[in-house]
Amino acid sequence: MGRPAMKIFLSFILVAAVMLVPTVVMASPNGEVVLEGDSVTYEQESGLAYAEGNVKIRYSDIRVWAVKASYDTRSSKVEALGTKESPIVIIQGAQRLEGQTLKLDLTTGEGTLTEAHGSYPAERGNVYAKGGVVATIKTKSLAEAGWVNKVPPISKIKSDRVYKWERTTLTTCPEPVPHYSLKTKKIIVFPGYRAVVTKPRVYIKEHFLFTYPFDYIVPLTEKEEASPLMPTFVYDSDKGVGLSIGSVYKAGDVYGRWKAYYWSKKDFEGALQAYWAATNNLKLFAEGDYSWDSDRDEKRFRPKWGAVYDDGSWYARLWWSQAENVTVEKALGDTFKGTLWRKPEFEVRSPSYELESIKSKVTLRGLWGEYETSAYDGSDEVSIKRTALGASLSGGTSLGDVRPYWYASQWHYDYSGAGDTQDVTYVRAGVAWSLGKVDFASTWARRWVWGDSPMSWDDYSDSEAFYQKVSFPLSETWRATVRWGYNLRSEDLEEMYYRLGYSNNCCYRFSVEYRDDLTNENDDWAGFVFVLDAFPSNPFFFNTRSIQEFDK
């Protein structure tokens, strides 16, 4: 800057009331504050430090750039000013905010930024917020601030600060005029966890679509389920063509999902899920759906309730259900559709244990439950207690352009009172490769079964099948996929699956799917899948069914 930098610690300033230096280092209650600029002035009598020109403030992991700034050493408050050409820039970790004026209390952590816009990291890319005023407080002060009805688990928030945006726009599209956006009066951002958007108005480019009646949850982590807002068409061979809409919601301490369908053959169906976090790892849930089932040819209310424990390693679930609609695709050409009562069922699953030497991981599972459902031949209702122990191994590797993958599981079932047992061994192996822009995946699957189940929904049989998938581009934005399933035991082609996918190469992609069941069951279905590129682990499934992707 034309002269050597000087660092002045206030406890040693005794020689002058005013000093002009390019850098001042000052103490605050929570750490050192460094104020830099082309010109920095400190007034000892008032305790104020001023900086102008290429201003930079460093405090803890926060960095601020501004045109002008001041710091009050007595109140530990920072004020900064920017312009439209040179806005204030605030960076903390992977978060970046810009605005015109900043006020920040380093003691309490409270602050405001006007005419703000910024970004927060998502699973891939960023979530962008623009316009309005953003306020910030320390994460530990959430309960006292009253910003939310229930404070989320602090361990899930990956920052020491939480942000509240007012009168702003949210999107994951980086374009100046985003392909879609949500406009709202308030957004609460929990960095690294989620953003809660208050009753947003939904826009496609600059065209208003509708106002969402609930608080809308935007996940900032791959572990959260994403949240569609748009209606779409689905198809089921039993129910006909349907119109579907659904999303997540938040109401006080309760959050969940809702879905609604209208079918050409079966009219209205709907579902509502509600969750309440009792602790960081334990949540209680209640679900209810009003739906038709093919087993009894009736439409009725079907409740579920229970508790789930998940600490990121161990998983456990205890739950009850009444008249639950169950669809189990046991093997190629063998699908069970029926009604099940759980009275209750308890499930526990271990962490995945890595086996580096064979590029695989092992997971252990246990089940106990009492069930009421149709007998194995579908003729009678039976009430059965079942205990099951299982283990699975999955893995894959890359050998140049060729990628082998594999999966195996072993289950033992014991049916108390019925005197039956069933042992099931399942093995799947495949290989994926590419020729230019065309992708291939070949999969062999085999099941061996010893014993029987007195219930039809988990009564398995020997099976062997081969699946071939081919995916190829139609243009820069469109891609087609075809997969067929061949029953090696009956030597019949029993399944065809088609997918047409689109990507705008910016912020979203979608695909239309159709599964054609070539067996006598004629279990056909179709649907639509929408994915925001910022959350690839959380696709929005509008179809009531989904194909199992063996090569993923």
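Listed values, structure above:
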| item | result |
| --- | --- |
| Within region 49-71, considering residues that are surrounded by fewer than 16 Cβ atoms within 10 Å (Cβ to Cβ) and farther than 22 Å from Tyr163 by Cα, the one nearest to the chain's Cα centre (by Cα) | Asn54 |
| Residues being in contact with a Phe, Trp or Tyr (Cβ under 8 Å, 6 or more places away or on another chain), of a type outside the set (Lys, Arg) and part of a strand (DSSP E or B) - total across region 150-168 | 1 |
| Condition broken by Phe285, with the remaining ones in (1) within 25 Å of the chain's Cα centre (by Cα); (2) closer than 19 Å to Leu389 by Cα; (3) not small (Gly, Ala, Ser) satisfied | (2) |
| Qualifying positions in region 442-457 - within 20 Å of Phe550 (Cα to Cα) and in contact with a Gly (Cβ under 6 Å, 6 or more places away or on another chain) | Ser442, Thr443 |
| So Trp457, is it in contact with a Leu (Cβ under 7 Å, 6 or more places away or on another chain) and aromatic (Phe, Trp, Tyr) | yes |
| Tally of residues being surrounded by 15 or more Cβ atoms within 10 Å (Cβ to Cβ) and over 31 Å from the mean Cα position of the chain (by Cα) across region 482-491 | 2 |
| Subset of region 396-412 (residues that are in a loop (DSSP other than H, G, I, E, B) and more than 25 Å from Arg447 (Cα to Cα)) | Ser398, Gly400, Asp401 |
| Entirely in region 1-91, the strands (runs of 3 or more DSSP E) that have 2 or more residues that are in contact with a helix residue (DSSP H, G or I) (Cβ under 7 Å, 6 or more places away or on another chain) and either at pLDDT 80 or above or more than 28 Å from Lys158 (Cα to Cα) (or both) | none |
| Single condition Gly501 does not satisfy, out of (1) at pLDDT below 85; (2) buried (at least 18 other Cβ atoms within 10 Å of the Cβ) | (1) |
| Identity of the residue in region 111-139, farther than 20 Å from Lys185 by Cα and of a type in the set (D, E, K, R), that ends up surrounded by the fewest Cβ atoms within 10 Å (Cβ to Cβ) | Arg124 |
| Matching strands (runs of 3 or more DSSP E) fully within region 417-528 where at least 3 residues are in contact (Cβ under 8 Å) with a residue 12 or more places away in the chain and acidic (Asp, Glu) | 492-503, 508-517 |
| Count of region 140-172 residues which are crowded, with 17+ Cβ neighbours inside 10 Å, modelled with pLDDT of 85 or more and either of a type in the set (Lys, Arg) or within 19 Å of Thr279 (Cα to Cα) (or both) | 1 |
| Condition check for Thr172: in contact with a Ser or Thr (Cβ under 9 Å, 6 or more places away or on another chain), of a type in the set (S, T, N, Q) and not assigned by TED's automatic domain parsing to the domain that holds Asn280 | no |
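Okay, residues lined up against (1) free of Cβ contacts under 8 Å to residues at least 60 places away in the same chain; (2) surrounded by 17 or more Cβ atoms within 10 Å (Cβ to Cβ); (3) more than 23 Å from Phe336 (Cβ to Cβ):
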{"position": "Tyr290", "(1), (2), (3)": "yes, no, no"}
{"position": "Glu298", "(1), (2), (3)": "yes, no, no"}
{"position": "Ser313", "(1), (2), (3)": "yes, no, yes"}
{"position": "Gln322", "(1), (2), (3)": "yes, yes, no"}
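Residue-wise test of (1) at pLDDT 90 or above; (2) among the aromatic types (Phe, Trp, Tyr).
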| residue | (1), (2) |
| --- | --- |
| Ser321 | yes, no |
| Gly338 | no, no |
| Pro344 | yes, no |
| Tyr353 | yes, yes |
| Ile358 | yes, no |
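The values are calculated or read from the model by the stated rules, or taken from the named source; none is laboratory data. It should be emphasised that the depicted structure is a prediction, and the values quoted were computed from it without experimental measurement. We place every Cβ from the backbone using ideal geometry, glycine too, and count neighbours over all the protein chains shown.
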